[in-house]
1. Test each condition in (1) assigned to a helix (DSSP H, G or I); (2) in contact with a helix residue (DSSP H, G or I) (Cβ under 7 Å, 6 or more places away or on another chain) for residue 299 and report the one that comes out false.
2. Would you call residue 282 free of Cβ contacts under 8 Å to residues at least 12 places away in the same chain, touching a strand residue (DSSP E or B) at 6+ places or on another chain (Cβ under 9 Å) and on the phi < 0 side of the Ramachandran plot?
3. Restricting to the range 25-56, name every residue that is part of a helix (DSSP H, G or I) and either at pLDDT below 90 or under 18 Å from residue 120 (Cβ atoms) (or both).
4. Determine whether residue 123 is more than 28 Å from residue 305 (Cα to Cα), surrounded by fewer than 18 Cβ atoms within 10 Å (Cβ to Cβ) and in contact with a strand residue (DSSP E or B) (Cβ under 8 Å, 6 or more places away or on another chain).
5. How many residues does the range 240-258 contain that are at pLDDT 95 or above and outside any strand (DSSP E or B)?
6. Taking the range 107-130 only, how many residues are in a helix (DSSP H, G or I), more than 22 Å from residue 299 (Cβ to Cβ) and without any contact (Cβ under 8 Å) to a residue 12 or more places away in the chain?
7. Can we say residue 208 is out of contact with any strand residue (DSSP E or B) (no Cβ under 6 Å at 6 or more places or on another chain) and under 30 Å from residue 289 (Cβ atoms)?
8. Do we find that residue 273 is assigned to a strand (DSSP E or B), over 25 Å from residue 105 (Cβ atoms) and either modelled with pLDDT under 90 or in contact with a strand residue (DSSP E or B) (Cβ under 9 Å, 6 or more places away or on another chain) (or both) in this structure?
């Protein structure tokens with residue numbers, strides 16, 4: 001190699017090194033102030049710090065390889081998306097009900113091996129969540145469970161609702177703002193799952209229409225076929241002194257309708273909700289196009305559907 005070529009090679013190598021290691025990839029990730037941090041036992045905090053804080057707090061610590069071109073773009077995207085969904089550095093800005101919901105989401109996505117991301121674990125192996133870590137998180141989160149005793153008032157409300165329903169079984173027509181119609185025949189569909197949600201004290205039954213039921217049987221649910229409809233019926237959960245639970249007040253029905261073209265902006269699913277025995281349509285078209293899919297993005301790899309009867313699925317939503 002000539003001296004001139006060697007000098008050119010050194011200049012090129014220096015430029016590449018400067019590009020790779022001089023913070024090129026770190027630009028755009030701003031570690032803001034820690035307004036408030038979650039108050040939890042130290043062992044719980046240690047788990048969250050090692051597995052969550054790089055993407056879910058204002059304490060992101062970039063390794064040298066996180067700053068490499070191209071890789072840095074993905075890192076920055078993951079951090080921004082992570083903070084948008086959950087930021088432990090602003091924990092006390094959340095309402096208590098939001099805190100409970102966020103904590104249960106944390107446990108569910110960890111249990112389902114959705115978090116930390118596999119791509120993150122491959123280069124940050126110390127973030128791995130052990131079975132012991134899961135037990136610690138579960139025990140901590142269980143302390144926030146809402147327990148609603150089956151007292152006389154709550155029982156009377158449920159009974160009044162039921163008596164009113166038995167006297168008026170006329171199918172009620174209800175249409176959501178995005179055009180999804182309530183289907184009274186959902187009660188005859190196959191039950192695909194039952195769940196109980198600790199953070200808001202509710203119990204649910206999920207029904208699958210014939211297309212969705214056949215897809216489940218054929219294990220053809222990723223993606224779900226066009227025309228699949230999932231309906232979730234939700235009640236308040238009442239618990240007696242012996243720990244037995246029963247449905248209380250009826251809360252709402254929630255719909256997911258699969259049509260990849262019609263609902264392409266929301267992962268191929270149309271969402272709707274009908275509240276109370278009157279089945280009053282919830283929200284408006286904008287809310288239905290953002291609020292629901294934002295939650296279901298945590299199970300995007302399962303075509304945005306929670307509550308399947310597989311070990312890989314989160315326990316409840």
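1. Single failed check for residue 299: (2).
2. no
3. Result: 46, 47, 48, 49, 50, 51, 53, 54, 55, 56.
4. When the stated conditions are applied, residue 123 does not pass them.
5. Final tally of qualifying residues: 0.
6. Residues meeting the conditions: 1.
7. Considered against the rule, which asks whether it is out of contact with any strand residue (DSSP E or B) (no Cβ under 6 Å at 6 or more places or on another chain) and under 30 Å from residue 289 (Cβ atoms), residue 208 comes out as no.
8. Spelling it out, it is not the case that residue 273 is assigned to a strand (DSSP E or B), over 25 Å from residue 105 (Cβ atoms) and either modelled with pLDDT under 90 or in contact with a strand residue (DSSP E or B) (Cβ under 9 Å, 6 or more places away or on another chain) (or both).
The values are calculated or read from the model by the stated rules, or taken from the named source; none is laboratory data. For clarity, every value in this text was computed on a predicted model and none was experimentally measured. Neighbour counts run over all protein chains shown; Cβ positions are idealised from the backbone, glycine included.
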